[in-house]
1. State whether one or more residues within segment 377-387 are within 22 Å of residue 631 (Cβ to Cβ) and touching a helix residue (DSSP H, G or I) at 6+ places or on another chain (Cβ under 8 Å).
2. Going through segment 577-605 one residue at a time, which ones are closer than 20 Å to residue 513 by Cβ, surrounded by fewer than 17 Cβ atoms within 10 Å (Cβ to Cβ) and at pLDDT below 95?
3. Out of curiosity, is residue 301 out of contact with any helix residue (DSSP H, G or I) (no Cβ under 9 Å at 6 or more places or on another chain), within 16 Å of the ligand (Cβ to nearest atom) and at pLDDT 95 or above?
4. Of these, 548, 531, 508, 504, which one is farther than 30 Å from residue 291 by Cα, surrounded by 15 or more Cβ atoms within 10 Å (Cβ to Cβ) and modelled with pLDDT of 95 or more?
5. Collect the residues in segment 360-382 that are farther than 22 Å from residue 313 by Cα and crowded, with 24+ Cβ neighbours inside 10 Å, keeping them in residue-number order.
6. Those residues that are surrounded by 23 or more Cβ atoms within 10 Å (Cβ to Cβ) and assigned to a loop (DSSP other than H, G, I, E, B), I need them from segment 232-248; list them, please.
7. Take the residues of segment 364-377 that are assigned to a loop (DSSP other than H, G, I, E, B) and more than 9 Å from the ligand (Cβ to nearest atom): which is farthest from residue 78 (Cα to Cα)?
8. In a helix (DSSP H, G or I), surrounded by 21 or more Cβ atoms within 10 Å (Cβ to Cβ) and away from the ligand (no atom under 16 Å from the Cβ): is that true of residue 256 in this structure?
Ligand SMILES: [Zn+2]
């Protein structure tokens, strides 16, 4: 036994080093060191609130109870809470490595390990209920949590527990045993069980034991085989490669489906099998094209819904926060593996809109669904035993990955993805320590000043994300103008020296966004921020308004005392794909609204008489409706024309929540 243990540890040590090297080679961009990312500004404040009032304020002892007492017997999903919370807590600790947080991590991991059976089985279901609806799903989250503990602390006990839990899984679900593709809820086509791929690969990466890689590859092979749940097989790789719409792949459960592709990314990372990465990238692009709505999330009732085209409708239970988070996490993996800034562009939109809008108050609770019209509603308490809900446990995981992708590392130098006040340090390939300081109020203001601090001059490349929407921008280094192309990284290779300054001026003109479907609805964005009408600042009126783009041709006639009017033109014009609109910062706004702008609309009294401009205040989507009450209403998409007496539908919480007659409120609120 002793010899076996020593061999195991040596293998972990040697192969661990080997695999880390192999994997680092696959990453085009690797995450920044979390603890070196001193993120300030709005994002930094949200993250601190999320950590201090949310993640680290939870009664974490509740999360191990389901494993101890097998609370999920009969089909429950209590098992997911420990791992979801734990991975958030591990991200929080990575960012703010305090002794107190470390203590929480150690205690909770050790409590979970105590619930592990002698043969390694780690489940919230009793043995008689192996493969219960959410059994493998809960085991997956337990594995992710244990791996997070090992990654943050190097504690081998957690890695050993993860290996043993995977051994127990292989024992019942390895080749010749029960197929995981025929487990879990049949209506979601075993996607929940199959997503265990991700931690299985992570266990292989860290242990170096090939049996875990074999199991992962076996699992992916199973996806292609016909089975009782999916007569044609899940076909996650084949359908993604063929560009099949996400809604038509396997079963349309958005969050679980994306989790399977997260696992595929990890399998590519260890095997280098290009087909797997191609499948994940093509899948990500299909999701983006067909399902992701303007604020950076998707789904209706947790399911894919052809959302890009249908987002102007009054959707039921739109944009589950779990979908927002998993979409961001998938984008993050694709960004690491491909270095394509399109994924960072999309993460920025999700972060500022869908995700920030879903975090309630000071970070202690989250929304389950986030509509584009109506009212916001806190997630109901789904699981009182754990004092949580799926989205409440998941939300922080999306926010707390920010230090990793904000400033990343490439072989040639730092890669700046997120513009925010703060500073970051990283070691260059040569070992030199580089400090990057950003002075900016972006995305409120367009100017970003980046200062380089170095102990000695050195040649390397600073890559700067130039968002695809920033068509008209300025980039200078020490006042020397640098060309840049929207939708790419501007790569500035030079000998950098201490005190060098990069200045970016983003194109924050208001952009008119056309609905992707066939309806004549428009929306307004400013940089990554989606704007919305909110009934705290806009009232119902008995007239129609039209958005008034910049460059609108007014017609002036001296007849009848002087006529000034606008002749109608189709909204969809192919000759001007980009339409802009003037935005003036609003002099007044409610105190809990972050950004607000005067937006010009056209009022047409009658045919060509008395046309005039009326400004309405629009605020950032995350602030819209943020009182989370039935009285605070908002909308994003603007039909043309917009009948002002019909802009804010009431009582929409009924289509967000069907289980009772009482509108959910934030539970546990003091
Ligand atoms: Zn959820």
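1. There is at least one residue in segment 377-387 that is within 22 Å of residue 631 (Cβ to Cβ) and touching a helix residue (DSSP H, G or I) at 6+ places or on another chain (Cβ under 8 Å).
2. Result: 577, 578.
3. It is true that residue 301 is out of contact with any helix residue (DSSP H, G or I) (no Cβ under 9 Å at 6 or more places or on another chain), within 16 Å of the ligand (Cβ to nearest atom) and at pLDDT 95 or above.
4. None of the other options fit; the residue is 504.
5. Once the filter is applied, which keeps residues that are farther than 22 Å from residue 313 by Cα and crowded, with 24+ Cβ neighbours inside 10 Å, segment 360-382 yields 365, 366.
6. 234
7. The selected residue is 372.
8. Spelling it out, it is not the case that residue 256 is in a helix (DSSP H, G or I), surrounded by 21 or more Cβ atoms within 10 Å (Cβ to Cβ) and away from the ligand (no atom under 16 Å from the Cβ).
The values are calculated or read from the model by the stated rules, or taken from the named source; none is laboratory data. If you're wondering where the values come from, they're calculated on a predicted model, not measured in any experiment. Positions of Cβ are backbone-derived with ideal geometry, glycine not excepted, and every protein chain shown enters the neighbour counts.
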